[in-house]
Amino acid sequence: MNYRETYQSWQNDPEAFWLEQARAIDWVEPPTQALFDRGDDLFEWYADAKVNGCYNAVDRHVENGRADQLAIIYDSPITGTKSNITYAELQTRVASLAGALVAQGVTKGDRVVIYMPMVPEALEAMLACARIGAVHSVVFGGFAANELAVRINDCTPKAIIAASCGLEPGRVVQYKPLLDGAIEMATHKVDTCIILQRDAHRCDLVEGRDVDWHDAQNGVDPAPCVPVEGNHPAYILYTSGTTGAPKGVVRATAGHLVALNWTMKNIYNVDPGDVFWAASDVGWVVGHSYICYGPLIHGNTTVVFEGKPVGTPDAGTFWRVIEEHNVRSFFTAPTAIRAVKREDPKGEFIKKYDLSGLRALYLAGERADPDTIEWAQNKLGKPVYDHWWQTETGYTIAGNPAGLEALPVKIGSPTVPMPGYEVHILDEAGHPQKPGELGAIAIKLPLPPGTLPTLWNATDRFRKSYLTTFPGYYETGDAGMMDKDGYLYIMARTDDVINVAGHRLSTGAMEEVLAGHPDVAECAVVGVSDQLKGQSPVGFVCLSKGVNRPHADITAECVKRIRDQIGPVAAFKQALVVDRLPKTRSGKILRATMVKIADGAEFKLPATIDDPAILDEIRLALQTIGYAK
């Protein structure tokens, strides 16, 4: 079946469609129905089934002929080490760690916080929790102590699994002082911490609470897989909430197994046995869905990469990994490709490697600007597929189903909605917009399997955050439009649609224009307060390596480009050249924080910020044009 037929078959009978997809999973007790309507716009999938997530990701492959196939390839240019783990070895290691958790008193339903760098043990920790029905909550390694404490208080874990340190280019990030600080701050007290000691830095263990990773496993029985209900939470993943307290996105076990398994072939076009690589981090949803669970459930080999797109050692590191490990599908964030492009604008490093095995590059995590996509298409000579999804959904809302049917790429669009997602563009009153008109992107309920059924211990907040603006719909918080062919365009977060003298304008559209300037490597546009017009746009541009023209010339050209391509209505008069943009560790630009700096408003330092020093650089740049007073 092609895309249209598949989407139609889901629309015609969602129940039959999702029961059919469920047949690819190994059940202890198979589901007798797919959807359970719990009332009040709350839904669950496969709730009457019994299943185990770890069995589906590990044990079944060992039993069905993949025992000697590689499950995990670890590649760390930072430590200069590589290692391979087969499915049989992974089973042994996970069962042993799961046994250690059981020995520490962790049982089905207990929460375990995981605070780890990009090492295979991070995946082993997740799978060990899934094996015994514990609910894991991965917190990005090196996250600030107070943020870790907030998450400990919210999910009340029985145990924490952590490493002694994480490694960044040129520095060691000691995790233990952060962990100890968080445990001290938290009102909820944790019984046990299992600590992986890394050679780069060994930490001191607290007597009676901390236990070494290997010591914890000595002499314990390996744990068997514990069956859990289909609606049993597999994990909680915190996403930043606008009100300060983070939102604990819940992922139910059965739905995520079914949905992720479907995506591996239909979207990412890999067959069992192929090597799949998502260059992300286990702290983000991409790490959950596409470093750990998705590839392993489907019987792929997954790459765990501890490095950066540039500087470990150079802008060719991605291409080396792809050649060396024969990666078939590669998934990363646009910001990573922009970093590579900025360092290597002519693509000289790409020519050094044999990328003939690579089928496609997949981009997600933020808007992929046309300039970056075109650069990657031209330099790689491969399809580049943008796709759009969220922590809340766990996998693609709109994408190009390359394994089902590669649809024509329209640059600037993540293509079309996937089965399970009925996407609508609505105005502020909830009325549908015409093709080509900007509006709020909403998804008709119920959301498909694998998406969030609720927030952890916060159903009212779940309703308020996602279900109340447009009754009967899930509000994505993104703004965009759909063209006459049904292709979706994500223009901005709803907050990034600015109102200039009564005109609703997308900052994303302006960023596309600026990114097209030959000297611009990266950019951001934000709406700052304007007494006359309500808001006015200000552009920030970072220049490509080797550009040494006067900044005033470049900013004048940027202003002219917007005037020529969007029109005077944009009232775009100011652009600034800056060295770098403030970002989260996953590469999202902190636009809302930039607005607050420009307006001189108070703001809370974003927990996920990569380098707080950049905010001062932005403040100084804004002061040169009369803002940030």
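Please work out which one of (1) in contact (Cβ under 8 Å) with a residue 60 or more places away in the chain; (2) outside any loop (DSSP other than H, G, I, E, B); (3) open to solvent by 10 Å² or more (accessible area, probe 1.4 Å) is the condition residue 308 fails and give its number.
(2)
Filtering the stretch 585-602 down to residues that are in a helix (DSSP H, G or I) and of a type in the set (Gly, Ala, Ser), which residue is nearest to residue 366 (Cα to Cα)?
In this case the residue turns out to be 592.
Please pick out the residue among 439, 450, 412 that is crowded, with 23+ Cβ neighbours inside 10 Å and closer than 16 Å to residue 397 by Cα.
When all the criteria are applied, what remains is 450.
Suppose the filter is farther than 30 Å from residue 22 by Cβ, surrounded by fewer than 21 Cβ atoms within 10 Å (Cβ to Cβ), among the hydrophobic types (A, V, I, L, M, F, W, C) and touching a residue at least 60 places away in the same chain (Cβ under 8 Å); does residue 200 pass it?
yes
How many residues does the stretch 587-603 contain that are surrounded by fewer than 18 Cβ atoms within 10 Å (Cβ to Cβ) and at positive phi?
1
Determine if the stretch 317-324 includes at least one residue that is among the acidic types (Asp, Glu), farther than 19 Å from residue 140 by Cα and free of Cβ contacts under 8 Å to residues at least 40 places away in the same chain.
Looking through the stretch 317-324, at least one residue is among the acidic types (Asp, Glu), farther than 19 Å from residue 140 by Cα and free of Cβ contacts under 8 Å to residues at least 40 places away in the same chain.
How many residues, within the stretch 78-114, are out of contact with any strand residue (DSSP E or B) (no Cβ under 8 Å at 6 or more places or on another chain) and more than 13 Å from residue 223 (Cβ to Cβ)?
2
In this structure, is residue 190 surrounded by fewer than 23 Cβ atoms within 10 Å (Cβ to Cβ), among the β-branched types (Val, Ile, Thr) and modelled with pLDDT under 95?
no
Just to be sure, is residue 369 open to solvent by 20 Å² or more (accessible area, probe 1.4 Å) and more than 22 Å from residue 264 (Cα to Cα)?
No.
Which members of the stretch 519-569 meet the condition of being surrounded by 14 or more Cβ atoms within 10 Å (Cβ to Cβ), in contact with a Pro (Cβ under 8 Å, 6 or more places away or on another chain) and in a loop (DSSP other than H, G, I, E, B)?
Listed by number, the list holds a single entry, 544.
Hey, any hits in the stretch 508-517 for a residue that's farther than 12 Å from residue 577 by Cα, open to solvent by 60 Å² or more (accessible area, probe 1.4 Å) and of a type outside the set (A, V, I, L, M)?
No, the stretch 508-517 contains no residue that is farther than 12 Å from residue 577 by Cα, open to solvent by 60 Å² or more (accessible area, probe 1.4 Å) and of a type outside the set (A, V, I, L, M).
Can you tell me which residue among 415, 451, 459 is farther than 21 Å from residue 482 by Cβ and touching a residue at least 12 places away in the same chain (Cβ under 8 Å)?
459
Among the residues of the stretch 616-629, which ones are free of Cβ contacts under 8 Å to residues at least 60 places away in the same chain and either in contact with a Leu (Cβ under 8 Å, 6 or more places away or on another chain) or open to solvent by 50 Å² or more (accessible area, probe 1.4 Å) (or both)?
Correct list: 616, 617, 619, 620, 623, 624, 628, 629.
For the stretch 161-175, indicate whether the set of residues that are at pLDDT 95 or above, open to solvent by 10 Å² or more (accessible area, probe 1.4 Å), under 30 Å from residue 50 (Cα atoms) and of a type outside the set (A, V, I, L, M) is non-empty.
For the stretch 161-175, residues at pLDDT 95 or above, open to solvent by 10 Å² or more (accessible area, probe 1.4 Å), under 30 Å from residue 50 (Cα atoms) and of a type outside the set (A, V, I, L, M): absent.
Looking only at strands (runs of 3 or more DSSP E) that lie completely in the stretch 369-464, which have at least 3 residues being among the aliphatic types (A, V, I, L, M)?
In the stretch 369-464, the matching strands (runs of 3 or more DSSP E) lie at 423-426, 439-444.
Could you list, in sequence order, the residues of the stretch 1-33 that are farther than 20 Å from residue 396 by Cα and either hydrophobic (A, V, I, L, M, F, W, C) or in a strand (DSSP E or B) (or both)?
16, 27, 28, 29
Any idea which residue in the stretch 465-486 is nearest to residue 285 (Cα to Cα), counting only those that are assigned to a strand (DSSP E or B) and hydroxyl-bearing (Ser, Thr, Tyr)?
Ranking the qualifying residues of the stretch 465-486, first place goes to 476.
Just one of (1) under 23 Å from residue 117 (Cβ atoms); (2) surrounded by 15 or more Cβ atoms within 10 Å (Cβ to Cβ); (3) β-branched (Val, Ile, Thr) trips up residue 51, so point out which.
(1)
Please list, ordered by residue number, the strands (runs of 3 or more DSSP E) wholly in the stretch 81-144 having 1 or more residues that are under 24 Å from residue 610 (Cβ atoms), open to solvent by less than 10 Å² (accessible area, probe 1.4 Å) and of a type in the set (S, T, N, Q).
135-138
Which of the following residues is modelled with pLDDT under 95, touching a strand residue (DSSP E or B) at 6+ places or on another chain (Cβ under 9 Å) and within 28 Å of residue 391 (Cα to Cα): 237, 148, 196, 257?
148
Just checking, how many residues over the stretch 211-252 are charged (D, E, K, R) and either under 19 Å from the mean Cα position of the chain (by Cα) or open to solvent by less than 20 Å² (accessible area, probe 1.4 Å) (or both)?
Number satisfying all stated conditions: 2.
Picking from 411, 441, 397, 425, which residue would you name as being of a type in the set (A, V, I, L, M) and closer than 22 Å to residue 13 by Cβ?
Step by step, each of 411, 441, 397, 425 is checked, and only 397 is of a type in the set (A, V, I, L, M) and closer than 22 Å to residue 13 by Cβ.
Which residues, counting only those in the stretch 325-344, are at pLDDT 95 or above and assigned to a loop (DSSP other than H, G, I, E, B)?
Matches in the stretch 325-344: 326, 344.
Being in contact with a Phe, Trp or Tyr (Cβ under 6 Å, 6 or more places away or on another chain) and outside any strand (DSSP E or B) is the filter here; which residues of the stretch 233-289 pass it?
Listed by number, the residues that qualify are 246, 254, 255, 259, 260, 263, 270, 279, 283, 289.
Take the residues of the stretch 317-335 that are under 15 Å from the mean Cα position of the chain (by Cα) and open to solvent by 10 Å² or more (accessible area, probe 1.4 Å): which is nearest to residue 524 (Cα to Cα)?
Here the residue is 335.
Taking the condition closer than 10 Å to residue 577 by Cβ and in contact with a helix residue (DSSP H, G or I) (Cβ under 9 Å, 6 or more places away or on another chain), does residue 541 pass?
Judged against the criteria, residue 541 is a match.
Applying the selection to the stretch 56-80, what residues are open to solvent by less than 20 Å² (accessible area, probe 1.4 Å), assigned to a strand (DSSP E or B) and not hydroxyl-bearing (Ser, Thr, Tyr)?
Once the filter is applied, which keeps residues that are open to solvent by less than 20 Å² (accessible area, probe 1.4 Å), assigned to a strand (DSSP E or B) and not hydroxyl-bearing (Ser, Thr, Tyr), the stretch 56-80 yields 71, 72, 73, 75.
The values are calculated or read from the model by the stated rules, or taken from the named source; none is laboratory data. The structure presented is a predicted model; accordingly, all values stated were derived computationally and were not measured. Quick reminder, even Gly has a Cβ in these numbers, built from the backbone with ideal geometry, and neighbours come from all protein chains shown. To get the accessible areas, we keep the full protein, side chains included, count just its heavy atoms, and leave off ligands, DNA and RNA. Shrake-Rupley method; radii C 1.70, N 1.55, O 1.52, S 1.80 Å.
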